[in-house]
Amino acid sequence: MNNPLIFTGDADSALRRLKLLCRTHGVAVDSTDLEAATSLDALLQKIPVIDKQGLSDFAARERERFLSEGILFSETSGSTGEPLPTPRNQLDLQWNILNQINAYKRHLSPGDDRIAIVHPSILSPFVEATAMALRELSVGYVRVFPIPGLCDYQRIYDVFQRYRISAVMTTPTLAYKVFYELKKIGNGVLPSGIRHVLLTGESISNANMRNMDAVVGVSGAAKPFVYGSSETAVLMYGKEDGSYRPYLDDFVFEVHRQGDAAEDGSVTGILVVSWLRDGLLPIVRYNTGDIFNVRTDPDSGELIFRALGRVGTGDVSMQRTIDEAIFTLPENVYDYSVRDDGSRLEIHIVTESSSNQRDTATVEQQLASAIRGREISCTLNNDDARFHEFSPVPKIRRYVRC
């Protein structure tokens, strides 16, 4: 990774903080190089980029300190490998809570709003911090998740109605599943009062947000909430147009370019981040594996980040094209999956339950007009789809390149 674009609040302050973090946590950088670096750019060139394995190695070395200093024990889901311990101490938990408070204040008001956190929440530092943030804001909240024999969709529906839930914070995958089931209970109508759907955990296109708005029946209901991960904490907050704004005082953001700048001056690349705050698991030049497009707003001077996808999941541009095409179909879409063999797309789509008899040839024709160079084979509302299982997964990989 060479010649990244670097963004932070104060480069000189970031230089001093990163030097201190490198010394404190034994980051693999030569001590002479560390002392000699007089600019943030020069220092970053001397620090190796790490991945989850690097963090895992650090966690193994620091296990005893984690146990003695940690106040919240958590770990990643393990969906891409072995779970990574991500403990929080008082310091990193507190600034993570503050960043979530800042994000929530943009959407919710104490007394007027009550929010449902839809998430399995097992070993999740994010959900723990989000609940603490809501308590600090005095915004009422409830945690719900479909669990057979304990919390079925009827109960979730009743809870939404009983407590006049006005907002839902969850992943796009979980939002669609829960709304689909709640609409079946409500004869096509969701519990009344929902006006905010705060989405995190997955990248979401503008077409996807418009589709979510149509499902909820409220224009502008869907918006990205925050971007981050169990290991990195909350890095950015979302805007209504589907973009993100970075917390520049808390992090150094590097965008490692893939190709030249676009006509609007924006750059696309892999995001690498470093913490400027204290914490148990130091994040210094951590490769998130996420691809972002970044540009500077010519009027406000703000940095605008847009999430495009993840490294190693196939053609990100093709995935965005497919996503846009499917979520602009005339009917509300709740789920889809794609298998791409290079010449043919095999697509499975779940739409409103009333559309089971829709002509698949019409859908294939509509998709083919937007997705060029691929033969389209489409299946609608397959009863055997994983989507129809009782307990959903928080997020899924929709696109598979065969």
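The values are calculated or read from the model by the stated rules, or taken from the named source; none is laboratory data. Note that the coordinates shown come from a computational prediction; the quantities given were computed from them, not determined experimentally. Neighbour counts run over all protein chains shown; Cβ positions are idealised from the backbone, glycine included. With ligands, DNA and RNA removed, areas are computed over all heavy atoms of the protein, side chains included. Shrake-Rupley method; radii C 1.70, N 1.55, O 1.52, S 1.80 Å.
Whenever a residue of the stretch 286-313 is farther than 19 Å from residue 223 by Cβ, its partners that are of a type in the set (Ser, Thr, Tyr) and surrounded by fewer than 18 Cβ atoms within 10 Å (Cβ to Cβ), lying with C-beta atoms within less than 6 angstrom and at least six residues away or across chains, give the pairs 295/266. Residue 64 satisfies every condition listed in (1) surrounded by 12 or more Cβ atoms within 10 Å (Cβ to Cβ); (2) more than 16 Å from residue 226 (Cα to Cα) except (1).
Yes/no matrix, rows are residues, columns are (1) free of Cβ contacts under 8 Å to residues at least 12 places away in the same chain; (2) among the aliphatic types (A, V, I, L, M); (3) out of contact with any strand residue (DSSP E or B) (no Cβ under 6 Å at 6 or more places or on another chain):
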| position | (1), (2), (3) |
| --- | --- |
| 130 | no, no, yes |
| 133 | no, yes, yes |
| 144 | no, yes, no |
| 162 | yes, no, yes |
| 165 | no, yes, no |
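No other residue among 43, 84, 67 is within 18 Å of residue 25 (Cβ to Cβ), without any contact (Cβ under 8 Å) to a residue 40 or more places away in the chain and touching a helix residue (DSSP H, G or I) at 6+ places or on another chain (Cβ under 7 Å) apart from 43.
Taken together, the residues in the stretch 320-357 that are open to solvent by 50 Å² or more (accessible area, probe 1.4 Å) and farther than 22 Å from residue 190 by Cβ amount to 10. Considering only residues in the stretch 290-301 that are open to solvent by 40 Å² or more (accessible area, probe 1.4 Å) and in a strand (DSSP E or B), the one that is nearest to residue 380 (Cα to Cα) turns out to be 295. Within the stretch 263-282, count every residue that is free of Cβ contacts under 8 Å to residues at least 60 places away in the same chain and open to solvent by less than 20 Å² (accessible area, probe 1.4 Å). Of the residues in that region, 3 qualify. Condition check for residue 143 on (1) within 30 Å of residue 57 (Cβ to Cβ); (2) touching a His at 6+ places or on another chain (Cβ under 8 Å); (3) not aliphatic (A, V, I, L, M): one failure, at (1).
Residue 199 fulfils the conditions (1) open to solvent by 30 Å² or more (accessible area, probe 1.4 Å); (2) aliphatic (A, V, I, L, M); (3) free of Cβ contacts under 8 Å to residues at least 60 places away in the same chain except for a single criterion, (1). Considering the stretch 150-167, and only residues there that are polar (S, T, N, Q) and part of a helix (DSSP H, G or I), the residue that is surrounded by the fewest Cβ atoms within 10 Å (Cβ to Cβ) turns out to be 154. Only one of the numbered conditions (1) at pLDDT 90 or above; (2) touching a strand residue (DSSP E or B) at 6+ places or on another chain (Cβ under 9 Å) is violated by residue 45, and that is (2). Looking at the stretch 168-196, which of its residues are open to solvent by less than 10 Å² (accessible area, probe 1.4 Å) and of a type in the set (Phe, Trp, Tyr)? Scanning the stretch 168-196 gives 176, 179. Considering only the stretch 168-202, state which residues are outside any loop (DSSP other than H, G, I, E, B), among the β-branched types (Val, Ile, Thr) and within 23 Å of residue 238 (Cβ to Cβ). Residues satisfying the conditions are 168, 170, 173, 178, 197. Say we look at the stretch 22-50 and pick out the residues that are charged (D, E, K, R) and open to solvent by less than 80 Å² (accessible area, probe 1.4 Å); which of these is farthest from residue 4 (Cα to Cα)? Here the answer is 33. Residues that are of a type in the set (Val, Ile, Thr) and within 19 Å of residue 399 (Cα to Cα) were ranked within the stretch 195-212; the one that is farthest from the chain's Cα centre (by Cα) is 204.
Step by step: first the residues of the stretch 230-247, then only those that are assigned to a strand (DSSP E or B) and under 13 Å from the mean Cα position of the chain (by Cα), then the one that is surrounded by the most Cβ atoms within 10 Å (Cβ to Cβ). Which residue is that?
Taking the candidates together, the pick is 233.
Apart from one condition, residue 102 fits all of (1) in contact (Cβ under 8 Å) with a residue 60 or more places away in the chain; (2) open to solvent by 70 Å² or more (accessible area, probe 1.4 Å); the exception is (2).
Kindly indicate whether residue 181 is farther than 26 Å from residue 102 by Cβ, in contact (Cβ under 8 Å) with a residue 12 or more places away in the chain and touching a Pro at 6+ places or on another chain (Cβ under 9 Å). First the steps, then the outcome.
Values: farther than 26 Å from residue 102 by Cβ: yes; in contact (Cβ under 8 Å) with a residue 12 or more places away in the chain: yes; touching a Pro at 6+ places or on another chain (Cβ under 9 Å): yes.
So residue 181 passes the test.
In the stretch 1-24, the residues that are closer than 23 Å to residue 291 by Cβ reach residues that are open to solvent by 40 Å² or more (accessible area, probe 1.4 Å) and of a type in the set (Lys, Arg) with C-beta atoms within less than 8 angstrom, at least six apart or across chains, in these pairs: 3/257; 4/257; 5/257.
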